[in-house]
Amino acid sequence: MNINILEKVVQDYIDANLNADVNQIALAKSPFENVSSAELAGQIAAKKKSEKKLPTWFKHKEIYYPTALSIEQTSSEITAEYKSKLAIGNRLIDLTGGFGVDSFYFSKNVNAVTHCEINSDLSKIANHNATILTVKNIEFKSVDGIEFLKHTDSIFDTIYVDPARRAEKGKVFMLKDCTPDVVSNLDLLLSKGRRIIIKTAPLLDITAGLNELQNVSEIHIVSVKNECKEILWVIEPDSKSDVKIVALTLNDKQKHFSFLKSETEVYSEFTNSIDEDHYLYEPDASLLKSGAFDLIGLRYNLKKLHPQTQLFVSSQLNEEFPGRIFKISKVYSTGDLKKLKDLAGNVIVRNYPAKPEELVKKYKIKPSKENFLLFSKIGNHENIVIKAEIIQYY
């Protein structure tokens, strides 16, 4: 950590060059004796990435940034704020503190937070930024969080861990291959905490995660603008009950769909025809990740298009639905399309034997902002094309 970066003249330079080409800055001669061109480029790139993801950090002066990659890997403020509400009690330890975004939000909901970070430079950065943000209830320790937990006599109300998802051979898809290995250390975690919260990448399969972990009480699947961002596994020592699953959308309006895992053993009603002026529902990414494919239809009183198509229809509009909603204007057979001219719409393919680009070329479909052409199947396995206007994005 180069404290010369915090000098006002350097900070002013960084702010003045947020939209500059960082590659050119890195190659040019630095205007400052004690700050290199590479450091300037790194601060500018990382701060620029924080503008929308970490607005609290971005708007404060004298914030010190780590590498741009660290900013990419950290939680966004919107997801960190949500997960902070899952903490219980007064004492929390963040075993993989990193840049400190999660610890910052946890500190708003618990009395004392211990931030562990094995990278000493990153630990110093997080500590400095907490001072700038006037946070006083976080203790920073430059240690391996698991090793610290092994040797402390303290018991924590909440233990939070975000295992690194990168390995020598690339991304990994099982918890036991992440760092730290929470699977091998689960007994340790359960002995030191009343509640454990594990953050994983959305690539992790729910069933695979449940096979690796024990005592899971809740699973929270978090998405923003129809992109699944993270999965939060809540583990409690005495939990042996049915797992609660929450699919959550964090947009302008927060929506959630919660159920017990045992409730997924239901069957949807399928439709063999679709009426014009009805509504087409496409579940949010978090719902699809949850695996509640048929329960969605049951809860919202929707009919499913096809067993292998996660699209639903209804004569009623329900804006509480987490996902996209379309107003159907026309339903075509594929034969009908050959007779039509001046087709326009965004092409969506769901369980249909062709790719979008092939269909655009074949039927000479022009792009459109609000109108969509959805190629799919219905319950009797007939191929159909639905012309619709989008009326809800999230």
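Among residues belonging to segment 283-297 that are surrounded by 23 or more Cβ atoms within 10 Å (Cβ to Cβ) and more than 16 Å from Val266 (Cβ to Cβ), point out the one that is nearest to the chain's Cα centre (by Cα).
By that ranking, first place goes to Ser286.
With respect to Lys327, is the statement that it is of a type in the set (D, E, K, R) and either modelled with pLDDT of 95 or more or assigned to a loop (DSSP other than H, G, I, E, B) (or both) true?
Details: of a type in the set (D, E, K, R): yes; either modelled with pLDDT of 95 or more or assigned to a loop (DSSP other than H, G, I, E, B) (or both): yes.
So Lys327 fits the description; yes.
Please go through segment 196-219 and pick out each residue that is surrounded by 15 or more Cβ atoms within 10 Å (Cβ to Cβ), aliphatic (A, V, I, L, M) and touching a Leu at 6+ places or on another chain (Cβ under 9 Å).
Ile196, Ile197, Ile198, Leu204, Leu213, Val216, Ile219, listed by residue number.
Are there any strands (runs of 3 or more DSSP E) wholly within segment 90-203 with 1 or more residues that are within 18 Å of the chain's Cα centre (by Cα) and touching a residue at least 24 places away in the same chain (Cβ under 8 Å), and if so which?
Working: elements: 91-94, 112-116, 138-141, 156-161, 193-200.
So the answer is 156-161, 193-200.
Please specify each residue of segment 220-256 satisfying the condition of being at positive phi and surrounded by fewer than 17 Cβ atoms within 10 Å (Cβ to Cβ). If you could, list the steps in order and put the result at the bottom.
Taking segment 220-256 as the starting set, the residues that turn out to be at positive phi are 225-226.
If the condition is that a residue be at positive phi and surrounded by fewer than 17 Cβ atoms within 10 Å (Cβ to Cβ), then Lys225 is the only one that fits.
Just wondering, is there one or more residues in segment 1-24 that are touching a Ser or Thr at 6+ places or on another chain (Cβ under 7 Å) and not assigned by TED's automatic domain parsing to the domain that holds Glu81?
No: zero hits.
Identify the single condition in (1) of a type in the set (Gly, Ala, Ser); (2) assigned to a loop (DSSP other than H, G, I, E, B); (3) over 21 Å from the mean Cα position of the chain (by Cα) that Ser75 does not satisfy, given that it satisfies every other one.
Condition not satisfied by Ser75: (3).
Among the residues of segment 330-347, which ones are on the phi < 0 side of the Ramachandran plot and either in a loop (DSSP other than H, G, I, E, B) or in contact (Cβ under 8 Å) with a residue 40 or more places away in the chain (or both)?
Within segment 330-347, Lys330, Val331, Tyr332, Ser333, Thr334, Asp336, Leu337, Lys338, Lys339, Leu340, Lys341, Leu343 meet the criteria.
I'd like to know if segment 268-277 contains one or more residues that are assigned to a loop (DSSP other than H, G, I, E, B), in contact with an Asp or Glu (Cβ under 6 Å, 6 or more places away or on another chain) and either in contact (Cβ under 8 Å) with a residue 24 or more places away in the chain or surrounded by fewer than 19 Cβ atoms within 10 Å (Cβ to Cβ) (or both).
In the first step, residues of segment 268-277 are kept if they are assigned to a loop (DSSP other than H, G, I, E, B); the result is 268-269, 271-277.
Checking which are in contact with an Asp or Glu (Cβ under 6 Å, 6 or more places away or on another chain) leaves us with 268.
From what's left, either in contact (Cβ under 8 Å) with a residue 24 or more places away in the chain or surrounded by fewer than 19 Cβ atoms within 10 Å (Cβ to Cβ) (or both): 268.
Scanning segment 268-277 turns up at least one residue that is assigned to a loop (DSSP other than H, G, I, E, B), in contact with an Asp or Glu (Cβ under 6 Å, 6 or more places away or on another chain) and either in contact (Cβ under 8 Å) with a residue 24 or more places away in the chain or surrounded by fewer than 19 Cβ atoms within 10 Å (Cβ to Cβ) (or both).
The values are calculated or read from the model by the stated rules, or taken from the named source; none is laboratory data. The structure presented is a predicted model; accordingly, all values stated were derived computationally and were not measured. As a convention, Cβ positions derive from the backbone with ideal geometry for all residues, glycine included, and neighbour counts pool all protein chains shown.
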